[in-house]
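A.B. asks: Encoded as structure tokens, here's the structure I'll be asking about.
The values are calculated or read from the model by the stated rules, or taken from the named source; none is laboratory data. For clarity, every value in this text was computed on a predicted model and none was experimentally measured. When we count neighbours, we look across all protein chains shown, and the Cβ atoms used for this are built from the backbone with ideal geometry, even at glycine.
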Amino acid sequence: MSIRWRLLISHTTMLIVTLVLFLISASLIPVAITGDIRSIKDLYTRQYALKPLTKPEENVFLDVKYLAKKQPNQLLNQTMLKQYDQKLEPVTSGLIIRKGDKIVHSSKILNSIKDEKKLPSFEPENIKVRDTISIDHQFFLYVKFDFYFPDQEKGSVIIMREVSPFVELSRSLFPLIFGILFLSLILVNGLLSYFVSRNIIKPLFSLKRAAEEMGEGNLNYKIENFRQDEIGQLSKEFEKMRIKLKESIELQLQYEENRKELISNISHDLKTPITAIKGYIEGIQDGVADSQGKMEKYLSTIKRKATDMDQLIDDLFLFSKLDLKKLPFAFEDIELFRFIINYVEEASFDLEGKAIKLSVDNRIKNKIMVIADRDKLRRVMTNIIDNSVKHMKNEEKMISIFINEKEDLVEIEIRDNGSGIEQESLPYIFDRFYRVDTSRNKSTGGSGLGLAIAKQIITEHGGDIWVESQLGVGTSILFTLKKSI
């Protein structure tokens, strides 16, 4: 449940509970005062019985009382009685004249009273002249005077006004009820605020603790979250941020390790040919190369080592520019099969001298256009084929190129029948300076950057590159290119 709904429900509950408490308190106060729930009505009655008549009521009552004593027959004069009705109308009171068992006059405001038996009983002593009475679920305040007509028939004059006992009691007990209502509001609001705020503040403290732990470098502090509201969503995003920050720092540490390893690898790969060059130069200086044949051999070795160093530096420079995304790409639409045929024709000349057969197996008859940089794509294929050449040990050496068309991609596979690669080494062959030969023997040549450069170039083309290999069978390096629209 969201916090918005929780707050809405809590506030609504506060109002409902307060209203209920108010009604209960309004009902229980009279009970508490009287000690008996049945005496509530009596309390209301006493409240009204002690209340004085209004001035119009008092005037009319005195007039009709005087007539009842001196000229009772005048109370049967409807014209005069209507005048009294008009005087009582402004205070919502009415006049009833009863003779014997019949109501001979009733004001319009009291037309609902039809049954004489429901009126106050005849009392010639006139002891209980003011009281309250309930008629048909209506509550009336009345003042009456009982007398006898000249024919000795019972008569009564009654002035009645409909009232609400609950209103009057509420007025009299208003300070107490208001105080209880006010205290109820404070209590209910305090309790609801406590539970709602506790439900909100507790997870916020957890987030605060997590932020403190992260600030101290502890990125393993996991944020437990079992909520689905806004705070739960915040906790989820905070946890995602922690995980990403942790991954970022771990990646940064990995970059630092890679940087150290890169420096170490560069130092090793540069020091090896430099040491060899220094050794051969010292041999020449010391006169070890005492013949023309030895001298040519020493100089040829020095040139080859210098060429290896130059190749390493070029590869390192290219890889650095690719890694920093500072090498421009000239993408264009290329007819892939024609491009590969031309490349194979050029590369076959060099490979024939090494007794390696290079072929293309085109399974696609349609013309395929891809988006690529010609020079960079040529570099990818050269690096992959050079890597295959280094591991050729069979008498019949073969490298085959396959083209497979996908929905919106083209897959190029370069397969050799070399010695293959161990499964544990496959995830690392595209890492810079990685060599399957852990001794880092340079006898096979190469800078250790060829496949890393190929991966960077294919990635910039928006494709993927991967390897499949089996020991003793051969290795396939596959990569994809996007089709031209």
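A.B. asks: For the stretch 411-467, enumerate the residues that are of a type in the set (Lys, Arg) and either at positive phi or modelled with pLDDT of 65 or more (or both).
C.D. replies: Result: ARG415, ARG432, ARG440, LYS455.
A.B. asks: While we're looking at this one, here's another question. Which of the residues spanning the stretch 322-335 are part of a helix (DSSP H, G or I) and modelled with pLDDT of 90 or more?
C.D. replies: none
A.B. asks: Also: Counting only residues that are of a type in the set (D, E, K, R), more than 30 Å from LEU449 (Cβ to Cβ) and in a helix (DSSP H, G or I), which one in the stretch 283-308 is modelled with the lowest pLDDT?
C.D. replies: If we take residues in the stretch 283-308 being of a type in the set (D, E, K, R), more than 30 Å from LEU449 (Cβ to Cβ) and in a helix (DSSP H, G or I), then LYS294 is modelled with the lowest pLDDT.
A.B. asks: Answer with yes or no whether GLY279 is modelled with pLDDT of 80 or more, not in a helix (DSSP H, G or I) and not β-branched (Val, Ile, Thr).
C.D. replies: no
A.B. asks: Specify which of the listed residues (LYS87, LYS117, LYS69) is in a helix (DSSP H, G or I), over 23 Å from THR54 (Cα atoms) and charged (D, E, K, R).
C.D. replies: On inspection, the qualifying residue turns out to be LYS117.
A.B. asks: I would also like to ask the following. Give all pairs with beta carbons closer than 8 Å in which a residue from the stretch 399-426 that is in contact (Cβ under 8 Å) with a residue 24 or more places away in the chain meets a residue that is assigned to a loop (DSSP other than H, G, I, E, B) and of a type in the set (Gly, Ala, Ser); count only pairs at least 6 apart in sequence or on separate chains.
C.D. replies: That search, which allows pairs on different chains as well, returns LEU409/GLY463; SER419/GLY472; GLY420/GLY472.
A.B. asks: If you don't mind, there's one more thing I want to ask. For the stretch 224-240, check the following and say yes or no: at least one residue is surrounded by fewer than 16 Cβ atoms within 10 Å (Cβ to Cβ), modelled with pLDDT of 75 or more, aromatic (Phe, Trp, Tyr) and over 30 Å from VAL20 (Cα atoms).
C.D. replies: For the stretch 224-240, residues surrounded by fewer than 16 Cβ atoms within 10 Å (Cβ to Cβ), modelled with pLDDT of 75 or more, aromatic (Phe, Trp, Tyr) and over 30 Å from VAL20 (Cα atoms): absent.
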